[in-house]
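Quick notes on the structure that follows.
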Amino acid sequence: MIRISWGKKFLIPIWKSCWSIAVRIDLPQPDQFAALWATVTGSPLKDPVAGIASDHRELQPGDLFLALKGARVDGHQLLQPAKDRGAVAALVSEAVDPVDGLRLYRVASVEETLGNLARSWRQRFSIPVLGITGSNGKTTTKELVRACLSRSGHPHCTTGNFNTSLGVPLSLLTLTADHTHSVIEMGANQPGDIRYLASLVKPTLGLVTNVAPAHLEGFKNLETIVSEKESLLTADSLETAFINLSDEHCRTMQFRGRKVTFGFDTNADYAGRSDRSSARPRLQINGHTLNLPTAHPALEKNALAAASVARELGISWSDISAAVARFEPVRGRGEVLTFRGLTVINDTYNANVESTRTALEFLRSYPSRGRKIFVFGDMFEMGEAAEQSHAAVGQACLEAGPDAVFTVGNFSEIVARVTSARIPSFHFKSKETLQDKLRRFCRRDDVLLVKGSRGMAMETLIQGLEGN
């Protein structure tokens, strides 16, 4: 085993859910990574490494395995399975028994080592780097920016939702000299997360999509969330900040450098206006028209933010218009599916009060000859505000007025209780019994909105309905 010691300590935020996400990357330049490893760690990488993975099940031959300690799984107990999957090396933080054919590198902290590697790799590139954070819309905004930049360049982008203290450094390690821009999504579950991620990303541009009560278990209150998101704008590397004038918390954020404003506000540098004068939804920005693929209010907001960034980076309005018109909603984020005569709005990736309110607005305005049905699973990480937050969803549901409400989980029963006075409402303890009920209840031309927190995996309910 090779032991690597560090002379400098960093505060690494540990995410409760971070290590449950299967994350793997291919290293685009293994030789340069080996040189980086030697420089950062002071120890040579004895074997070429083709990729890096944090889940032994995702490993491919020639990979480096990150032996992370999670709440349920300790990677140090999976070194032999990692070797069996083809790993040639493992980064560990504890004394472990040797594994034949697997070279072990011991460090004080696997997370810290990964962060230091990513930070040093990022510093090799002098290109515009956009850091995106916010309570809702990060991934869709990131993908819209990528689509716009791809019209005339070769942008680097966070893979999927690799927005944690594990996913962000791995994303940075895929950056190459061929990339013209980088767009990095940055999430937060607790105070300090964004500041740490910004220390790795070194963003030159920063965008906060919005601020809403989310991850309250880690943040406790909305004021702490506002402060956390605003910390992106304190990054020393930041030159330009994009400020959302339509969000009451974002519009007052402070930044010492150049500000570019956007929003559904005539005072914004990029002033948006909804246009419902034709069959296809459109967004007007400073006199330019963007045709939207769906009328989802969240997509409209995300498109406005992305267009503002793209224009500031020199992308033409015609290229922005083409990119937005051809954009396909990210899976699980307002995605519209049709099967067996039903229309299903798949908004299952995650949920908080504000994103659910927006989704209900989309359901309310969705054209349909059948009934509109709201299917909702628990919102997680709401802390002491769990009951209040689910009651707020119930009130939003009453305002949207669907024809029926179905809930599943524990706290979601509060939603059904609030709506039951005016809307037929049904609560279930399991998705299996809910699915059986929906099979019997749904009719041709009905529109279902399915939403819930990531931990509820509500997409499996959709898969069950589609398969049956």
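Throughout, read-outs are computed from the coordinates displayed, never taken from laboratory work. Computed from a prediction, not measured in an experiment: that's the story for all the values here. In this analysis, Cβ positions are derived from the backbone assuming ideal geometry, glycine residues included, and neighbour counts consider all displayed protein chains.
Computed values, structure above
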read-out: Stretchable slack from GLU58 to THR180, in nm (0.36 nm times residue separation minus alpha-carbon distance); value: 41.0 nm
read-out: Förster-model FRET efficiency, 51 Å R0, THR224 and GLU432, C-beta, rounded to 0.05; value: 0.85
read-out: Sorted by Cβ density within 10 Å, fewest first, the residues LYS220, LYS429; value: LYS429, LYS220
read-out: Assigned charges on the beta-carbon of Lys, Arg, Asp, Glu; the stretch 335-467 dipole about Cα centre (debye); value: 640 debye
read-out: Potential extension, VAL336-ASP97 segment - 0.36 nm per residue separation minus Cα distance; value: 81.0 nm
read-out: Rounded FRET efficiency, nearest 0.05, which uses the C-beta distance separating ARG256 from SER318 and R0 of 41 Å; value: 0.75
read-out: Calculated P(r) tail over 24 Å for the stretch 141-238, as whole % of Cα pairs; value: 21 percent
read-out: Shape metrics for the stretch 413-468, restricted to C-alpha atoms - Rg then Dmax, Å; value: 11.9, 33
read-out: Backbone N under 14 Å from the THR39 label point (7 Å along Cα→Cβ), restricted to the stretch 105-148; value: 116-126
read-out: Mean separation of Cα contacts under 8 Å, 6 or more apart, over the residue count of the chain: relative contact order %; value: 11 percent
read-out: Degrees, to the nearest 10: 353-365 long Cα axis against longest axis of the chain; value: 40 degrees
read-out: Over the chain: helical MRE at 222 nm, DSSP H runs n ≥ 4 each giving -39500 (n - 2.57), nearest 500; value: -9500 deg cm²/dmol
read-out: Efficiency of FRET between GLN80 and GLU387 - r from beta-carbon atoms, R0 51 angstrom, step 0.05; value: 0.65
read-out: Beta bridges by DSSP in the chain, antiparallel share as percent, to the nearest 5; value: 25 percent
read-out: For peptides 191-202, 38-49, sequence by mean Cβ density within 10 Å, most packed first; value: 191-202, 38-49
read-out: Order of THR343, THR113, THR460 under a 10 Å beta carbon neighbour criterion, fewest first; value: THR460, THR343, THR113
read-out: Quarter of the Cα convex hull surface for the stretch 242-362, i.e. its orientation-mean projected area (nm²); value: 8.8 nm²
read-out: Residue order, fewest to most surrounding Cβ atoms within 10 angstrom, among THR433, THR261, THR356, THR224; value: THR433, THR224, THR261, THR356
read-out: Contact order relative to length of the stretch 125-325, as percent, for alpha carbon pairs under 8 angstrom and 6 or more apart; value: 21 percent
